[in-house]
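No lab work stands behind these numbers, since they all come straight from the coordinates. Please read these numbers as outputs of a predicted model, since none were measured by experiment. Here Cβ is always computed from backbone atoms with ideal geometry, including for glycine, and neighbour counts include all displayed protein chains.
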DNA sequence: TTGCATAGGGATAATTTTATCCCCTATGGT
DNA sequence: ACCATAGGGGATAAAATTATCCCTATGCAA
């Protein structure tokens with residue numbers, strides 16, 4: 001998400017949403033924050049597949065887009081909390097719907113995804 | 001979407017949905033097909049920002065994921081039609097919800113996105 | 001004194017995703 | 001012959017996204 005060479009297209013609602021919600025971990029971040037996991041370290045534990053760095057970056061973008069707000073407590077060791085803004089809250093039902101569809105179709109999706117050539121992982125022999 | 005080096009994570013519903021719906025044009029393709037624009041050339045006209053090639057690729061993925069089905073008529077010049085499968089149909093309300101949220105918040109989103117440093121386009125002087 | 005927890009961020013590499021380019025099919029019309 | 005139509009696809013370049021590595025700071029505990 002740095003300066004782009006290719007102009008954004010922001011024609012329809014879908015484009016606009018994409019701009020703030022695309023990002024591998026963003027929806028999950030919003031979701032977990034909604035569930036009360038507000039501190040960076042908690043979120044990190046909830047999403048161990050993402051590195052701390054990446055979460056920071058995506059949190060920052062969510063903040064820039066006013067979906068979450070950040071509170072920094074001036075204590076040591078540092079303490080930070082994220083909260084959904086009202087704007088962010090309004091997205092929760094949408095994310096809920098997406099996750100819900102995924103959960104409802106979990107088995108089928110899993111099978112489809114695994115069957116797709118695109119998802120075959122390239123196994124590299126260890127050394 | 002070729003063979004990947006980094007394992008997919010398919011922990012929750014959100015991950016699963018992402019696997020079939022991430023892709024710059026996929027939701028729009030589904031949406032337009034739903035609206036009756038079933039032929040590749042129609043879709044292309046609806047989404048002029050994407051090249052024909054890219055649409056083909058994404059349509060193929062949607063097909064592999066059983067969200068749409070493809071009918072090839074053995075005529076010349078060729079005629080092809082895509083239709084939503086039932087599975088694909090079941091996604092329409094979700095896509096609708098996303099687009100709806102985007103439309104409802106269009107102005108705010110547009111302003112936020114433009115204000116974000118990340119979206120500043122790198123202007124290259126001509127020549 | 002070293003180690004740990006907490007949070008943050010620059011620089012760069014790796015990976016994935018999109019875009020671009022160019023070519024192919026077959027038939028009917030000019 | 002040559003073009004237009006309607007649909008496809010390989011190869012490669014470019015761009016965008018993620019991951020990795022390493023460094024900052026503070027106060028407390030072993």
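Inter-copy label distances for residue A:73: 6.8 nm (label point placed 7 Å from Cα along Cα→Cβ; shortest first). Sorted shortest first, the distances from the residue A:86 label point to those of the same residue in the other copies are 4.3 nm; each point sits 7 Å from Cα along Cα-to-Cβ.
Per-residue shielding of B:90-97, expressed as the average number of other chain Cβ atoms within 10 Å of the residue Cβ, stands at 4.
Taking N as the number of residues in the protein assembly as shown, what is its alpha-carbon radius of gyration divided by 2.2 N^0.38 Å?
On the way: Rg = 19.7 Å, N = 254, 2.2 N^0.38 = 18.0 Å.
Relative to the rule-of-thumb radius for its length, the protein assembly as shown sits at 1.09.
In terms of surrounding Cβ atoms within a 10 Å radius of their Cβ, A:33, A:6, A:113 rank from fewest to most as A:6, A:113, A:33. Here residue A:53 yields copy-to-copy label distances, from shortest upward, of 3.1 nm, the label point defined as 7 Å from Cα along Cα to C-beta. Measuring between their Cα centroids, region A:1-57 and region A:71-120 lie 9 Å from each other. Computed from Cα positions, the angle between helix A:92-104 and the longest principal axis of chain A comes to roughly 30 degrees. The two copies B and A are related by a rotation, and the chain B beta carbon nearest its axis, with distance in whole angstrom, is B:97, 3.
Computed from Cα positions, the angle between helix B:52-64 and the longest principal axis of chain B comes to roughly 70 degrees. Each Cα pair under 8 Å and six or more residues apart adds its separation to the average, and for chain B the resulting relative contact order is 20 percent. In chain B, the longest principal axis of the Cα atoms and the axis of helix B:106-115 are about 60 degrees apart.
By the count of neighbouring beta-carbon atoms within 10 Å, fewest first, B:75, A:94 end up ordered B:75, A:94. With a Förster radius of 25 Å applied to the beta-carbon distance between residue A:108 and residue B:46, the computed FRET efficiency rounds to 0.30.
Take the Cα of residue B:53, step 7 Å toward its Cβ, do the same at residue A:70, and the gap between the two points is 3.9 nm. A Gaussian network model of chain A, with springs between Cα atoms under 10 Å, assigns the largest mean-square fluctuation among A:74, A:93, A:40 to A:74.
Compactness check for chain B: Cα Rg over 2.2 N^0.38 Å is 1.25.
Result for chain B in a Gaussian network model with C-alpha springs under 10 Å: among B:105, B:83, B:56, the largest mean-square fluctuation is at B:105.
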